[in-house]
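A.B. asks: One structure is given below, represented as structure tokens, and several questions about it will come after.
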Amino acid sequence: MIVANTVGALAAKAAATTVPVVFTTGSDPVRDGLVASLNRPGANFTGVTFISSDLATKRLELLRQLMPGTTTIAMLVGPDLPETIAEQADVQKGAQAFGQQIVVARATSLGEIATAFTAFVERGAGALFVGTGAFTNSHREAIVALAAHRALPAIYSLREFVSVGGLIGYGTSIADAHRQAGIYAGRILKGERPADLPVMQSTKFELVLNLTTAKALNLTVPDKLLALADEVIE
């Protein structure tokens with residue numbers, strides 16, 4: 001059996017035609033070609049989607065509530081994948097509707113992340129939208145540190161960013177998604193077929209705020225956001 005994220009699952013799709021594969025993805029596994037449908041995945045693939053990239057418009061709106069006067073928003077994205085491409089298009093469309101400019105920087109290494117932050121400051125960005133994906137998640141501590149160093153209020157897709165000092169995060173629980181993937185792996189090892197296990201969709205959404213970070217940025221979090229928050233870190 002193979003248990004993989006989006007990148008690993010796509011690689012397995014090309015190489016493994018009979019080995020059971022359980023994936024966790026923040027993307028649309030049907031659009032990405034991993035399964036035929038959510039209810040009937042077919043073949044040797046099934047898994048969990050925590051639909052992170054599909055929440056881009058909601059995250060952009062939350063960032064707008066936090067920074068209502070910002071006209072230029074930076075967007076940090078990782079390597080080209082279906083989920084990152086779709087998310088970028090959604091953010092640009094949402095910003096255009098409100099007359100905001102999006103400055104996009106794509107990074108594939110830690111050095112490129114640092115370069116991206118320099119470009120954001122030079123372009124006069126007043127806030128930062130950090131894209132979803134395994135790359136940004138795996139570099140979350142560096143990204144949060146650079147956002148603090150550059151005094152850029154940033155929104156993230158996972159609470160894990162906020163736990164290490166990020167300002168605000170909104171998305172589904174990746175921990176719950178991995179837990180469900182583990183349950184599916186156990187069921188397959190006991191004899192069930194991936195084709196018979198519908199792709200699970202995460203239903204737990206979390207809005208997390210870090211007031212310590214807000215204070216360091218001299219930001220006042222609107223009462224409306226505080227009331228909506230599932231967790232406030234002080």
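The values are calculated or read from the model by the stated rules, or taken from the named source; none is laboratory data. Owing to the predicted nature of the structure, the values given are computational and were not obtained by experimental measurement. No Cβ is skipped: glycine too gets one built from the backbone with ideal geometry, and neighbour counts run over all protein chains shown.
A.B. asks: Residues of the range 46-83 being crowded, with 19+ Cβ neighbours inside 10 Å, in a helix (DSSP H, G or I) and among the hydroxyl-bearing types (Ser, Thr, Tyr), which ones?
C.D. replies: Passing the criteria: only 53.
A.B. asks: To continue, here is another question. Report whether or not residue 132 is out of contact with any Lys or Arg (no Cβ under 8 Å at 6 or more places or on another chain) and modelled with pLDDT under 95.
C.D. replies: yes
A.B. asks: Hey, can you tell me all the residues within the range 173-186 that are surrounded by fewer than 16 Cβ atoms within 10 Å (Cβ to Cβ) and either closer than 19 Å to residue 17 by Cβ or not small (Gly, Ala, Ser) (or both)?
C.D. replies: 178, 179, 183
A.B. asks: Can you tell me how many residues within the range 10-59 are on the phi > 0 side of the Ramachandran plot and in contact with an Asp or Glu (Cβ under 9 Å, 6 or more places away or on another chain)?
C.D. replies: 1
A.B. asks: Which of the residues that make up the range 114-163 are assigned to a loop (DSSP other than H, G, I, E, B) and exposed (fewer than 15 other Cβ atoms within 10 Å of the Cβ)?
C.D. replies: 123, 124, 151
A.B. asks: Same structure, new question: Tell me, which residue of the range 141-159 that is modelled with pLDDT of 95 or more and under 15 Å from the mean Cα position of the chain (by Cα) is farthest from residue 55 (Cα to Cα)?
C.D. replies: Filtering the range 141-159 for residues that are modelled with pLDDT of 95 or more and under 15 Å from the mean Cα position of the chain (by Cα), the one farthest from residue 55 (Cα to Cα) comes out as 141.
A.B. asks: Next question, about the same structure. So for the range 27-44 (the condition being crowded, with 21+ Cβ neighbours inside 10 Å, of a type outside the set (Asp, Glu) and modelled with pLDDT under 90), does at least one residue qualify?
C.D. replies: Yes, some residue in the range 27-44 is crowded, with 21+ Cβ neighbours inside 10 Å, of a type outside the set (Asp, Glu) and modelled with pLDDT under 90.
A.B. asks: Given the conditions (1) part of a loop (DSSP other than H, G, I, E, B); (2) in contact (Cβ under 8 Å) with a residue 40 or more places away in the chain; (3) not small (Gly, Ala, Ser), report the number of the one that residue 22 does not fulfil.
C.D. replies: The failed condition is (1).
A.B. asks: Of all residues in the range 53-80, count the ones that are more than 17 Å from residue 167 (Cβ to Cβ) and either among the basic types (Lys, Arg) or out of contact with any Gly (no Cβ under 8 Å at 6 or more places or on another chain) (or both).
C.D. replies: Summing the residues that are more than 17 Å from residue 167 (Cβ to Cβ) and either among the basic types (Lys, Arg) or out of contact with any Gly (no Cβ under 8 Å at 6 or more places or on another chain) (or both) in the range 53-80 gives 2.
A.B. asks: Considering 83, 87, 122, 61, which residue is assigned by TED's automatic domain parsing to the domain that holds residue 142, out of contact with any helix residue (DSSP H, G or I) (no Cβ under 7 Å at 6 or more places or on another chain), acidic (Asp, Glu) and under 29 Å from residue 175 (Cβ atoms)?
C.D. replies: Answer to the check: 61.
A.B. asks: Modelled with pLDDT of 95 or more and closer than 30 Å to residue 146 by Cα: which single residue out of 81, 76, 55 fits that description?
C.D. replies: Just a single option satisfies the conditions, and that option is 76.
A.B. asks: Can you tell me how many residues in the range 41-76 are in contact with a Ser or Thr (Cβ under 7 Å, 6 or more places away or on another chain) and among the β-branched types (Val, Ile, Thr)?
C.D. replies: Final tally of qualifying residues: 3.
A.B. asks: Okay, moving on. Take residue 32 and tell me if it is assigned to a helix (DSSP H, G or I) and either within 12 Å of the chain's Cα centre (by Cα) or over 26 Å from residue 147 (Cα atoms) (or both).
C.D. replies: Spelling it out, it is not the case that residue 32 is assigned to a helix (DSSP H, G or I) and either within 12 Å of the chain's Cα centre (by Cα) or over 26 Å from residue 147 (Cα atoms) (or both).
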